[in-house]
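To start, the structure under review is shown below, and the notes come after it.
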Amino acid sequence: TQLLEQSPQFLSIQEGENLTVYCNSSSVFSSLQWYRQEPGEGPVLLVTVVTGGEVKKLKRLTFQFGDARKDSSLHITAAQPGDTGLYLCAGGPGGSWGKLQFGAGTQVVVTP
Amino acid sequence: EAGVAQSPRYKIIEKRQSVAFWCNPISGHATLYWYQQILGQGPKLLIQFQNNGVVDDSQLPKDRFSAERLKGVDSTLKIQPAKLEDSAVYLCASSPGEMGPHYNEQFFGPGTRLTVL
C-alpha cells in the first residue's frame, strides 16, 4: 500500500495570511491530484500534476509536484474565508488504472 | 452537465440491519467508484467498476458489503448486516475512463452519511 502523508493535519489562519500544506510519500506516483472538500459535500478536484517539478497556478493557489514525483505542496496566497475546507491529496499509482490513494487531509480554517 | 447523484443523503440504522445506497454517475462516464470516508480520514476505495465489470474490490469487506452496477450506469452499494464501525460517509465518484494524463480525475457525489446505532 502506498501511503500519502499530509501535514499539518489542521491549520487555522487569519484572512490575508499565506499557508502551505504538504503531501509526502515514499512511493512514486504517475500523477497527483489535489481536492477540496467542504462539509456535507464530496471532494472537488482542484488540479492534476503529472510531471516531476511541475508547478501549476490556479488564481491564489500554487501547486508543486516534487522532482521525484513522491511529494507535492499546495500554497495559498492571501487566504480568504472561502478557502476554508479539507484539502486532500490523491496519488495515482503507476499501473493501477484509474485508482487513487488518498491522504488523510489537512483541515484549513480561514477566519475573517 | 449534471453531477454525480447519490441517495439517500442521510441514513440512521441499528446494528445488524441492512442498508442500500444508490449512485447515478455523470452521463457517459465509464468508471465508477465507491469510497468509505470515516470522520477525520481521507476516502478509502471500496470498489471500482469499469462499465459493468469490477476492476478492484480488494478493500471491500465481502462478508457484509456488496455492490453492483447494472447495465454499466447506476450502481448500488449494500451493507448487510451493518456494524457500528460502518458509520461513515459513503462517496460515489465517476470518471470518463479515457486514457491520458488526466485519466484518473474523479467527480464525486455529495455522499451518504450513515450512522449505525
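The values are calculated or read from the model by the stated rules, or taken from the named source; none is laboratory data. This one's a predicted model, so the numbers in the text were calculated from it and none came from an experiment. Note that each Cβ is placed from the backbone with ideal geometry, even for glycine, and that neighbours are counted across all protein chains shown. Accessible surface is based on the protein model in full, side chains and every heavy atom, while ligands, DNA and RNA are left aside. Shrake-Rupley method; radii C 1.70, N 1.55, O 1.52, S 1.80 Å.
Could you work out the mean count of beta carbons from other protein chains within 10 Å of each residue's beta carbon in B:44-57?
Per residue, the average neighbour count from other chains is 2.
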Answer in debye to the nearest 20: the dipole magnitude of the protein assembly as shown about its Cα centre, from +1 Lys/Arg and -1 Asp/Glu charges placed on Cβ, is 420
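Would you mind telling me the share, in percent, of accessible area of the stretch A:10-112 contributed by carbon and sulfur at probe 1.4 angstrom? Before the final figure, lay out each step's value.
On the way: 2230 of 4410 Å².
So the carbon and sulfur contribution to the accessible surface is 51 percent.
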The stretch A:12-111: relative contact order from alpha carbon pairs under 8 Å, six or more residues apart, as a whole percent, is 35
Taking R0 as 35 Å and r as the Cβ-Cβ distance between residue B:10 and residue B:51, the FRET efficiency 1/(1 + (r/R0)^6), rounded to the nearest 0.05, comes to 0.70
Relative contact order in percent for chain B (Cα pairs under 8 Å, 6+ apart) equals 36
Partner shielding of B:88-99, taken as the mean number of other chain Cβ atoms within 10 Å, equals 2
Averaged over the residues of A:60-72, the number of partner chain Cβ atoms within 10 Å of each residue's own Cβ comes to 0
For residue B:44, counting only aspartates and glutamates whose alpha-carbon sits under 19 Å away and dropping same-chain residues fewer than eight positions off, the answer is A:5, A:38, A:41, B:56, B:57, B:63, B:68, B:85, B:86, B:105
For the stretch A:12-111, the dipole about the Cα centre with charges only on Cβ (Lys and Arg +1, Asp and Glu -1), to the nearest 20 debye, works out at 300
